[in-house]
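Below is one structure, written out as structure tokens; the observations come after it.
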Amino acid sequence: MFYLDKEKLGLPGKQEPQLQAADSEVPDWPSRFKVLHQHAKDKRLQAFYDAGVVAGDTPLAETPLLAVDFETTGFNPRKNSIVSIGLVPMTLKRIRCHAAKHWIVKPLSGLSQESVVIHGITHSEIQHAPDLSQVIDELLQAFAGHVMVVHHRGIERPFLNEALKARLGEGIEFPVIDTMELEARLHRQKRLSWWQRFLGRQPLSIRLADSRNRYHLPWYRPHDALTDALATGELLQAQVAHRFTPETPINDLWK
Amino acid sequence: MEAEHLEIVDFLRRFPPFSKLPEEVLAKTASHVEVGYFKEGEQILEFGQSIDALHVVRSGAVEVFRRNGDLYNRLSEGGFFGEFGLLRNGKVRFPAVALEDSLIYFLPEAVFTELFENHELFADAVEVEDRTRLRQAVSRREDANQLMTSRVIRLVTREPVTIESTLSVRAAAQRMSEEKVSSLLITDTESQDIVGIITDKDLRNRVVAAGLGYDLPVSEIMSVNLITINARQFVFEAMLEMLRHNRHHLPVMRHGKALGVVALADIIRYESQNSLFVVSSIFRQHNIEELSTLAKDVKASFVRMVNEDANSHMIGSAMAVIGRSFKQRLLELGEELLGPPPVPYCFLALGSMARDEQTLVTDQDNAMILDNRFDPKEHDEYFFKLAEFVSNGLAACGYTYCSGDIMATNKTWRQPLKVWEKYFSDWIGHPDPAALLHSSIFFDLDGVWGKVEWADKLNDLIHRNTQRNPRFLACMARNALNRTPPLGFFKDFVMEKDGKHNNSINMKRRGTAPVADLIRVHALAVGSKSRNSFERLQDIIAANILPSGRGQDIRDALELISRVRIRHQALAVEEGREPNNNVAPENLSDFERKNLKDAFQILSNAQKFLKFRYPL
């Protein structure tokens, strides 16, 4: 999850990161994986695509899920790097902490002072951390066969795509359920009317902590990739409990 | 490498029984946790389904039910459930429903089993049987003997009395007489260090019997190889030292300086007669004003017994003996003031004092039986004045007037024996609710002064007429159900059976009193002549009228509730507040909460059994 103050990053002062329009198309993931499998050159990527993905009409309850969170040095996948990765496998019923994974990796770009403060990851930890290339095997094995669960798909997918391009010469695609987007469906359906703006109404925050709060989930200390992955997984369970059913097809949710 | 689940570790660390686990075990436990979300109203566990994890409430609230649909418990953050099923046969025994949106942490069975087997405190906390846990809680405290837990410094009541070694034996003896001490520490004239000790016995054996002169310097006859004890050592260690070295006096030292002297007599008095000490001073006071100064000593001896882990029976008896002594001394003084009584009488103690279950917060329930020759016109003025004298005296000593006016100053309760006999015959013969209103007071009676055998007569009458009187027993049983225990605690509230919340609980009205009431019914049914609830329970258990083990359960429940009540009174005294019977849940330890809930459950079941055992 990315928490840095936008102003500190010199980004336009938007409330939340925006998604690119192209991202809103939902591919037919099983056939997309077949194509990607044929084109992939790296053995590990081939194996990842070969593991396939569930069919679009699979009920949520039967879909293997993996909650994922990256801590990054900034917002731009081309300029900034991944600092840490948290993964927790889950189903709708149970999030399994025992199979969780947590890595700190050495970013290609330097670590800014702000990132040190925010993530609590220090320069010395980074110095002794491996490069992402050393965890790719394990990472892709954990990803294989799962639908990823993230809060704001503008981070995890593009950052991993760029990181792999830089290291393997080819990127990666995979289906995600974006818990932030599920919140946006509810709270960003239409813009506030001029009257609401006149009254000074703010749109409801769809950030992770605020979204969790709406479902009466407890407050977790942010900025730890593993905790944020867990927090995202719990949010999905809550969203489904309140707004969907275990029988809802994965097609309705994934991107 | 196992991932570190900081948030989960931090959460578990905040709640027992996990808070007692070593850090590395906690981290390992956290790494095995599974998580699930349940929306408000959702069923978490159904009866009979298989269960594979201990359920811990991370956030929200959960209600746990009995199979018949009765609410069993309501849990908030940190509460856990599912342990019964896990420890029994892996099937859910108590279904659970999310009362609010709830996040549950699951502790898989393998991890739970490992914790249960390897960590005693964890096992105690989740023990299957309510009553087993309660018994452990009660017995663990009973093991603590006051000799083993009290430190020597408690016995030091004054600075040491000393004399310089160059002074004469006569001067030393004079000093001891003036100061009323049985030993004297001898100091070096220059350094002022303690160099020896002399005792009464030394004066006898080494001076008088040996025919030495009284002008001899005291250094000639003192014992020089001093056996001392550190102020922080335990009383029992002091006793062992005395036995080992055959000494009756030990200087008590701290940082090389004598703080005082502890004598064998101090230990003996401390161990067995500490409340008798208060009692003996009661009989040395000459008027109400002097007596009232003892109220603080009564409180102090109460607090001391609580801090020494005395059980409720010991404390209740000691307080009752003290209360009786006040009455006796006041009657003695009253008779001195008003002259001898015109006809014989008996002064009665009723209720908790008669049962030897008194605490600090108590009102004066008392009454008078007068001789059958009593003539109101001629005699009543005397007895009214006497009753008034005693009642005002008791009030001055901290025993508040009875709010229900059950006192000998009330004419109804100041009557000849034949009237009392008629009272009891009527109550027993026509046990309507109004008649039984005061049964918890009048059916526990004890003579404290005068013709105490009349109290025995009334007790005999009660036993004769109630034991084989199913109608009366059924009415008493109904009456004993008037006051019920709460279900347990939720957050900082007392939770009632209907799910409503209260801010505090009256531990007498909702705890000790209903237990004493139900024990009384069984006691009357089996013809027990005991008055103390614990002694009555022994008679009841021996008579075999309860299902096996239930009598012991009731005993444990009464002991636990009594101790919580007593402990909170002692705490109030120590903090300079006026003690009362109300306890707020936020002042209960987790240990007390868990065990109180069990005790309330036992009480509730025992009340149900009462209805069944004595049908109308």
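Yes/no matrix, rows are residues, columns are (1) within 29 Å of B:GLY36 (Cβ to Cβ); (2) touching a His at 6+ places or on another chain (Cβ under 7 Å):
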position	(1), (2)
A:LYS41	no, no
A:ARG44	no, no
A:TYR49	no, yes
A:ASP57	yes, no
A:LEU60	yes, no
A:LEU65	yes, yes
A:ASN76	no, no
A:ILE95	yes, no
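Residues of the stretch B:161-188 that are acidic (Asp, Glu) and within 40 Å of the chain's Cα centre (by Cα): B:GLU179 alone. Is it the case that the stretch B:1-16 has a residue that's part of a loop (DSSP other than H, G, I, E, B), surrounded by 20 or more Cβ atoms within 10 Å (Cβ to Cβ) and at pLDDT below 90? Yes, there is a match, as at least one residue in the stretch B:1-16 is part of a loop (DSSP other than H, G, I, E, B), surrounded by 20 or more Cβ atoms within 10 Å (Cβ to Cβ) and at pLDDT below 90.
Taking the stretch B:12-34 as the range and being hydrophobic (A, V, I, L, M, F, W, C) and either more than 8 Å from chain A (Cβ to nearest Cβ) or in contact with a Gly (Cβ under 7 Å, 6 or more places away or on another chain) (or both) as the test, the residues that pass are B:LEU12, B:PHE15, B:PHE18, B:LEU21, B:VAL25, B:LEU26, B:ALA27.
The helices (runs of 4 or more DSSP H) located wholly in the stretch B:421-536 that include 3 or more residues which are within 30 Å of B:ASN73 (Cα to Cα) and under 23 Å from the mean Cα position of the chain (by Cα) occupy B:513-525.
Restricting attention to the stretch B:361-411 and to residues that are in a helix (DSSP H, G or I) and within 30 Å of B:ALA570 (Cβ to Cβ), the residue that is most open to solvent (accessible area, probe 1.4 Å) turns out to be B:ASN392. Restricting attention to the stretch B:224-247 and to residues that are assigned to a helix (DSSP H, G or I) and open to solvent by 60 Å² or more (accessible area, probe 1.4 Å), the residue that is modelled with the highest pLDDT turns out to be B:HIS245. Looking only at the stretch B:157-185, filter to residues that are in contact with a Leu (Cβ under 7 Å, 6 or more places away or on another chain) and of a type in the set (A, V, I, L, M, F, W, C); which one of those is most open to solvent (accessible area, probe 1.4 Å)? Restricting to residues being in contact with a Leu (Cβ under 7 Å, 6 or more places away or on another chain) and of a type in the set (A, V, I, L, M, F, W, C), the top hit is B:ALA173.
Could you tell me whether the stretch A:217-233 includes any residue that is open to solvent by 70 Å² or more (accessible area, probe 1.4 Å) and at the interface with chain B (Cβ under 10 Å from one of its Cβ atoms)? Yes, because at least one residue in the stretch A:217-233 is open to solvent by 70 Å² or more (accessible area, probe 1.4 Å) and at the interface with chain B (Cβ under 10 Å from one of its Cβ atoms). Counting only residues that are within 12 Å of chain B (Cβ to nearest Cβ) and open to solvent by less than 20 Å² (accessible area, probe 1.4 Å), the stretch A:234-252 holds 7 of them. If you go through the stretch B:560-583 and keep only what is touching a His at 6+ places or on another chain (Cβ under 9 Å) and among the hydrophobic types (A, V, I, L, M, F, W, C), you end up with just B:VAL583.
Considering the conditions (1) surrounded by fewer than 21 Cβ atoms within 10 Å (Cβ to Cβ); (2) touching a His at 6+ places or on another chain (Cβ under 9 Å), B:GLN552 is excluded by exactly one of them, (2).
So, restricting to helices (runs of 4 or more DSSP H) that lie completely within the stretch A:134-240, which ones have at least 2 residues that are more than 15 Å from the chain's Cα centre (by Cα) and either within 16 Å of A:ARG44 (Cα to Cα) or at pLDDT 95 or above (or both)?
A:136-143, A:156-168
Just one residue in the set B:VAL252, B:VAL207, B:VAL169, B:VAL235 is closer than 23 Å to B:ARG304 by Cβ and touching a Phe, Trp or Tyr at 6+ places or on another chain (Cβ under 9 Å); that residue is B:VAL235. Across the stretch B:518-537, a minimum of one residue is classified as touching a residue at least 60 places away in the same chain (Cβ under 8 Å), open to solvent by less than 30 Å² (accessible area, probe 1.4 Å), among the charged types (D, E, K, R) and outside the structural domain of B:LEU348 (by TED's automatic domain parsing).
Restricting the stretch B:45-58 to residues that are crowded, with 20+ Cβ neighbours inside 10 Å and closer than 25 Å to B:SER19 by Cα leaves a set whose member that is nearest to the other protein chains (Cβ to nearest Cβ) is B:ARG58.
A single entry from A:LEU66, A:LEU92, A:LEU36 fulfils the requirement of being assigned to a helix (DSSP H, G or I) and either within 14 Å of chain B (Cβ to nearest Cβ) or at pLDDT 90 or above (or both): A:LEU36.
Report yes if some residue within the stretch B:20-28 is of a type in the set (Gly, Ala, Ser) and either outside the structural domain of B:ASP101 (by TED's automatic domain parsing) or not in a helix (DSSP H, G or I) (or both); otherwise report no. No - not one qualifying residue is present in the stretch B:20-28.
One residue alone among B:ILE186, B:ILE198 is in contact (Cβ under 8 Å) with a residue 12 or more places away in the chain and farther than 17 Å from B:ALA265 by Cβ, and that residue is B:ILE186.
The values are calculated or read from the model by the stated rules, or taken from the named source; none is laboratory data. It should be emphasised that the depicted structure is a prediction, and the values quoted were computed from it without experimental measurement. Cβ sites come from the backbone with ideal geometry, for glycine too, and all protein chains shown count toward neighbours. In case anyone asks, the SASA skips ligands and DNA or RNA and just uses the protein heavy atoms, side chains included. Shrake-Rupley method; radii C 1.70, N 1.55, O 1.52, S 1.80 Å.
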